[in-house]
1. Could you grab me the full set of residues in region 42-67 that are touching a residue at least 24 places away in the same chain (Cβ under 8 Å) and either basic (Lys, Arg) or touching a helix residue (DSSP H, G or I) at 6+ places or on another chain (Cβ under 6 Å) (or both)?
2. Looking only at region 274-283, decide whether some residue is open to solvent by less than 40 Å² (accessible area, probe 1.4 Å) and within 16 Å of the ligand (Cβ to nearest atom).
3. Are there any strands (runs of 3 or more DSSP E) wholly within region 199-276 with 3 or more residues that are assigned by TED's automatic domain parsing to the domain that holds SER63, in contact (Cβ under 8 Å) with a residue 60 or more places away in the chain and hydrophobic (A, V, I, L, M, F, W, C), and if so which?
4. Can you find a residue in region 410-421 that is within 22 Å of PHE478 (Cα to Cα), within 16 Å of the ligand (Cβ to nearest atom) and assigned by TED's automatic domain parsing to the domain that holds GLU262?
5. Identify the single condition in (1) among the aromatic types (Phe, Trp, Tyr); (2) part of a helix (DSSP H, G or I); (3) more than 16 Å from the ligand (Cβ to nearest atom) that PHE581 does not satisfy, given that it satisfies every other one.
6. Pairs please, first residue from region 585-602 and polar (S, T, N, Q), second anywhere and within 12 Å of the ligand (Cβ to nearest atom) and at pLDDT below 90, Cβ atoms under 6 Å, 6+ apart in sequence or on different chains.
7. Is one or more of the residues making up region 567-583 among the aromatic types (Phe, Trp, Tyr) and open to solvent by 10 Å² or more (accessible area, probe 1.4 Å)?
8. Which residues, counting only those in region 417-427, are surrounded by fewer than 23 Cβ atoms within 10 Å (Cβ to Cβ) and assigned to a helix (DSSP H, G or I)?
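The values are calculated or read from the model by the stated rules, or taken from the named source; none is laboratory data. All values reported here derive from a predicted model rather than from experimental measurement. All Cβ positions, glycine included, derive from the backbone under ideal geometry; neighbour counts span all protein chains shown. Surface areas here come from the heavy atoms of the whole protein model, side chains and all, with no ligands, DNA or RNA. Shrake-Rupley method; radii C 1.70, N 1.55, O 1.52, S 1.80 Å.
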Amino acid sequence: MCGIFAYVGEEQAAPILMEGLSALEYRGYDSAGLCVGGRCVRSVGAVEQLRARLGDTMLAGKSGIAHLRWATHGEPSEQNAHPHADCGQHVFVVHNGIIENFRELREKLAAAGHRFASETDSEVLARLIEAHRRAGADLEQAVCLALKDVRGTYGLAVSCAEEPGTIIAARMGAPIVVGMGERAHFVASDPSPILAHTKHVLYLEDGEVAVLTAKAHRVFSLDGTKVSRDVETIEWGVEQIQKSGFDHFMLKEIMEEPDVIENTIRGRLIPGQGRAKLGGLDSVAERLAKVKRIVVVGCGTAFYAGQVGEYMLEEFAGIPVEVEVGSEFRYRTPILEEGTMLLAISQSGETADTLEAIREAKRQGALTIGIVNTVGSTIARETDAGIYNHAGPEIGVASTKAFISQLTALALLTLFLGRQRTMSEAVGKRIANELLALPLKLEHILLQHDELCALALRYKDARDFLYIGRKYNYATAFEGALKLKEVSYLHAEGCGAGEMKHGPLAMIDKNFPTFAIALQDSVYEKMRSNIQEIKARRGPVVALATEGDTGLADLADDVVFVPPTLEMLSPILAVVPLQLFAYYISVARGLNVDRPRNLAKSVTVE
Ligand code: M6R
């Protein structure tokens, strides 16, 4: 959510910044801008529009800052695009986050003679720095003093026309990673724009500031205490953040799903003993054995993964589980009694709502565990222990392969916790062996992409869509609807199939199709009845069925098949046709699949 990129080194900054913005574009695309050598160019829209706006403009200089905006305060306009400057056009700021007390600061600054050019909260940062410089502070001091004046969240980078060889970065609640190049430093919201230059990074913690020149870096906390931080190496390769011949990242990421499962389970199963070996949980294994209740927190797709996890953990590990969206968790009065563990699920590891839930749980002394994809992210670092998904970077805003890996990690966790308790070796072996069989089954589903494309073309003009499922595929239905909503902008609703008769059935008519997940599992007969109820109201039905099930062809208008698997693992297969269906509808409607309007990949504001 908003992407920041900055460079200081020995090369011309502008081309490096533009390339970096392209790699970061999934974080925001309402407007874009950069500042090099004291000159700013900004535009509405994403990097291509900025490139067009730049045209032949020469922005000469060996350092600069750049930004992609996901609008919070003020509409997407050139005026509101970053970088923001002080009145004298000396200091420039790019910011990700929300300055909560900006109105009050803005009034004070306006009363002192500052004139504001934008409606954003971020602009006050530049003006505050200016005010402290006018009062005699040097740039570094002025940045620190300004940051002490603000309340809220920020990941930011600052440049100053009078100190062109220096970039200052700071973090409070919004991620900042510093790339350590050879005679160059980079600042970014996540590692993707840095990867083309270096794999060596350090992550700032909240309340820390980094002062960077081409050859040196210094990190200290806002109170001035020096911080020494280990440099980490990013595992991802630059090819993982490229489309590699696919039309869209979403399709590439769906096609990667068989590999993703392999990567998530690699080295983590002992099939002969029916056990999971999770190195990331070793340090808390004893505490895990005593856990009496699990509260799962996530947002969007991660929340739906958590709901599937609830069924897995309750059935196979015998632990009571509740699942909640991060944005609600801390606004009630959550009671985490002794023995309760909070399990946070997040692809980015930066989602503010999920992060705040973790912090609340920690305040209450609960054990916190993460299922996180992004290594080194805030959630990965702030939880007590965790399981990395190893899905590789996910660039498409619509989460696909991350969901598959979250479900796989949840199955591993279920195996781990279940075997610590009463799960038999035989059941453990069955789960382990079926997990190993999933990649091939998934490949088999992906071979049906042409049929799913044809199906999407048949339904692309529907205005509304319902997705229904039960038990393990209750959440899959909601995830299928979420995918369709976000990439096609169609109205899509998920619904527990048993809930249809309590209201949603009223919407059904011949123009309101339903995607029904009706696999041959413990709720198959119930699902068949629910499909009958829809057909009796002339609603078109696409059924998702188990291979070999010939009984649905007469009932449904269209049938898509997935291979049989254990019921607890079935969402891992069932969701794939739903993802492809949403993808092809989006393509057929000519939409921006990877960057749906109004959304951003990593939601770092509450
Ligand atoms: O990075 P996270 O997994 O914490 O993100 C959570 C949601 O923002 C995310 O899943 C979102 O709902 C996706 N766009 C769904 O496709």
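1. Once the filter is applied, which keeps residues that are touching a residue at least 24 places away in the same chain (Cβ under 8 Å) and either basic (Lys, Arg) or touching a helix residue (DSSP H, G or I) at 6+ places or on another chain (Cβ under 6 Å) (or both), region 42-67 yields ARG42, SER43, ALA46, VAL47, ARG51, LEU59, GLY61, LYS62, SER63, GLY64, ALA66.
2. No; the residues of region 274-283 include none that is open to solvent by less than 40 Å² (accessible area, probe 1.4 Å) and within 16 Å of the ligand (Cβ to nearest atom).
3. 208-212
4. yes
5. (3)
6. As it stands, the answer is SER602/MET1; SER602/ARG27, since those pairs meet every condition given.
7. Applying the first criterion (among the aromatic types (Phe, Trp, Tyr)) to region 567-583 yields 581, 583.
Now drop any that are not open to solvent by 10 Å² or more (accessible area, probe 1.4 Å), which leaves none.
No, every residue in region 567-583 fails to be among the aromatic types (Phe, Trp, Tyr) and open to solvent by 10 Å² or more (accessible area, probe 1.4 Å).
8. The answer is ARG419, GLN420, GLU425, ALA426, VAL427.
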